[in-house]
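Please read the structure below before turning to the comments.
The values are calculated or read from the model by the stated rules, or taken from the named source; none is laboratory data. Since the model is a prediction, treat every value here as computed from it, not as a measurement. With ideal geometry, Cβ positions are generated from the backbone for all residues, glycine too; neighbour counts draw on all protein chains shown. Just the protein is used for accessible areas: all its heavy atoms, side chains included, with ligands, DNA and RNA removed. Shrake-Rupley method; radii C 1.70, N 1.55, O 1.52, S 1.80 Å.
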Amino acid sequence: VRFWALLLVGLWRPLGALLGARFPDVATVDGTPLTKLGEHRSSYKRLLPLYDIALFVEAGASAEQVQARNCAFQIQFHYLRTIRKDTILRSADHVLRNNLSAAERQSIAAPSQQLHAHYRTVQRGDRAALTYRPGHGTTFSFNAAPLITLPQPAFAEHYLKIWLGERPISVKLRDDLLDR
C-alpha cells in the first residue's frame, strides 16, 4: 500500500501540471501588456490541488521591483476546487499576522475589511486577480469583473506579503512567482 501511495503522489504533480490551467505568457491590464514572471500550483498536503497562481509584471520589471512595489503587476488565481470564503479569510489573517506588526495590521484594517467584503466562496474554474499599479492602487477582480480598488500604498505594501513577503503562505509559491 505504501508503494502505491508513493507512486500516486509521485505521478500526481507531473500529471497535475499537464492537466492544470496554463496561464498565457502575457496578460493585458487596461491596454498594458504584462509578462508572466512565474507560476505555481498550490496544493493541500502536496496531494490535493487547490489553485494555480501566476505573477505578471510590466516589461523589464524584476522580482525586486515587484517586492518594492515599483512597477505594475498582477497576481492571477485559477481555482481548481471549491474553497470557502471563511477558509480564505482565515488563511489571509494567519499569514498577515506572521508578516506584520500589530501597528501595520491596524494600518490596513479598514481597506482589508473592504477587500474581504468582496471575497466569496470560490468554485472550480473561478478566476480572481489582484492588480497593483503605482499611483493607482490595488484592484481586486473576480471572473474578469473589477470589484474594488484600494488606493492606499500601505495596503499594497502590507497585504501582498501574503504571497510575496518574507514569510508568505508558501516560500516555494513566492519563489516560483518571482522566478527564483
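Here segment 30-52 is the region considered, the condition is being assigned to a loop (DSSP other than H, G, I, E, B) and not charged (D, E, K, R), and the residue that is modelled with the lowest pLDDT is LEU47. So is LEU55 surrounded by 19 or more Cβ atoms within 10 Å (Cβ to Cβ), at pLDDT 95 or above and in contact with a Pro (Cβ under 8 Å, 6 or more places away or on another chain) or not? When the stated conditions are applied, LEU55 does not pass them.
Quickly run through segment 118-138 and pick out the residues that are small (Gly, Ala, Ser) and open to solvent by 70 Å² or more (accessible area, probe 1.4 Å). GLY135, the sole residue that qualifies.
When segment 63-94 is filtered for residues that are within 16 Å of LYS161 (Cβ to Cβ), open to solvent by 20 Å² or more (accessible area, probe 1.4 Å) and not in a helix (DSSP H, G or I), the ones remaining, listed by number, are ALA68, ARG69, ASN70. Kindly indicate whether any position in segment 156-164 is out of contact with any Gly (no Cβ under 6 Å at 6 or more places or on another chain) and surrounded by fewer than 17 Cβ atoms within 10 Å (Cβ to Cβ). No, segment 156-164 has no match at all.
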